[in-house]
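Down below is the structure, laid out as structure tokens.
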Amino acid sequence: MASLKILVIPGSLRSGSRNVRLAATAIAEFAEAGVEVTRVSLADFPLPIYDGDLEASSGVPKHAIDLKRMIGSHHGVLLVSPEYNSAPPPLLKNAIDWVTRVSERDEPLGHVLRTRPFALASASNGRFGGARSLAMLRLILSGCRATVIPTQLSLSFADQAYDDMDRLRHGADLDTLKAMVRQLIDVAQQMRQHD
Ligand SMILES: Cc1cc2nc3c(=O)[nH]c(=O)nc-3n(C[C@H](O)[C@H](O)[C@H](O)COP(=O)(O)O)c2cc1C
């Protein structure tokens, strides 16, 4: 069987993003676990804010179709989300909204989100590490009937969370990251067998 493929999507485009940094840390863990891992930037899938009139006049944008296909070519997805005012950023929510509007072949809308598992992580300099954005992201994805694995990482005080070697400083963060990576791989393998 071909190797398992995991997609990592940071929800920030910012240079110096704490969430991009956490995504890179997670990618190293996936690679160590022996799976094929791809990171994409949502900058490569620029999308207008969802508007039903735009969809009716112009159809679903090509970048939404490309992003849906990118998700579809992987067996599991990790979203690494900033927290803006207790919520996921519009960048990520808008991308999810557009992906749920892609209909290809005979697939029902949102099929790609229901057929592979999602894991969630966040990083913030605050005490809660963006945990509230993940609660909302979990709700959004559950509303799409996606499988979202229980283990998630919210990296608090993210600027102090790394040592000089760019490794997570606190054992609890590293343990949670490893558990999340393992769980996503396990659930992705199970869902792949039943696909
Ligand atoms: C509009 C806005 C709202 C924010 N609200 C929160 C918040 O509710 N909770 C939090 O922990 N951080 C909040 N922050 C701080 C972000 O978590 C912080 O800027 C983070 O580093 C952004 O992610 P990034 O580094 O990956 O770009 C907010 C930042 C912005 C710009």
*Check Val99 against each of (1) crowded, with 17+ Cβ neighbours inside 10 Å; (2) of a type outside the set (Ser, Thr, Tyr); (3) over 23 Å from Ala43 (Cβ atoms) and name the one condition it does not meet.*
(3)
*Complete set of residues in the range 138-177 that are part of a loop (DSSP other than H, G, I, E, B) and more than 19 Å from Pro82 (Cα to Cα)*: Cys144, Arg145, Ala146, Asp163, Asp164, Met165, Asp166, Arg167, Arg169, His170
*Would you mind telling me which numbered condition in (1) in contact with a Lys or Arg (Cβ under 9 Å, 6 or more places away or on another chain); (2) in a helix (DSSP H, G or I); (3) of a type outside the set (Ser, Thr, Tyr) Ile185 fails?*
(1)
*Taking the range 54-85 as the region of interest, how many residues are free of Cβ contacts under 8 Å to residues at least 24 places away in the same chain and within 29 Å of Thr176 (Cα to Cα)?*
1
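Restricting attention to the range 116-155, which residues are aliphatic (A, V, I, L, M) and either at pLDDT below 95 or near the ligand (Cβ under 9 Å from one of its atoms) (or both)? Please lay out each step first, then the result.
Taking the range 116-155 and keeping what is aliphatic (A, V, I, L, M), we get 119-121, 123, 131, 134-137, 139-141, 146, 148-149, 153, 155.
Within the range 116-155, Ala123, Ala131 meet the criteria.
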*Applying the selection to the range 1-54, what residues are over 18 Å from the mean Cα position of the chain (by Cα) and within 13 Å of the ligand (Cβ to nearest atom)?*
Ser15, Gly16
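Report yes if some residue within the range 143-154 is loosely packed, with under 15 Cβ neighbours inside 10 Å, more than 16 Å from Glu29 (Cα to Cα) and either in contact with a Lys or Arg (Cβ under 8 Å, 6 or more places away or on another chain) or acidic (Asp, Glu) (or both); otherwise report no. Before you say what the answer is, go through the steps one by one.
Initial filter on the range 143-154 (loosely packed, with under 15 Cβ neighbours inside 10 Å): 143, 145, 150.
Filter once more, keeping what is more than 16 Å from Glu29 (Cα to Cα): 143, 145, 150.
This time we only want the ones that are either in contact with a Lys or Arg (Cβ under 8 Å, 6 or more places away or on another chain) or acidic (Asp, Glu) (or both), so: 145.
Yes, because at least one residue in the range 143-154 is loosely packed, with under 15 Cβ neighbours inside 10 Å, more than 16 Å from Glu29 (Cα to Cα) and either in contact with a Lys or Arg (Cβ under 8 Å, 6 or more places away or on another chain) or acidic (Asp, Glu) (or both).
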*For residues that are out of contact with any helix residue (DSSP H, G or I) (no Cβ under 7 Å at 6 or more places or on another chain) and farther than 26 Å from Val181 by Cβ, scanning just the range 86-99, find the one that is nearest to the ligand (Cβ to nearest atom).*
Pro90
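The values are calculated or read from the model by the stated rules, or taken from the named source; none is laboratory data. Just so we're clear, the structure is a prediction, and the values are computed from it rather than from any experiment. Here the Cβ is made from the backbone with ideal geometry for all residues, glycine too, and neighbour counts use every protein chain on show.
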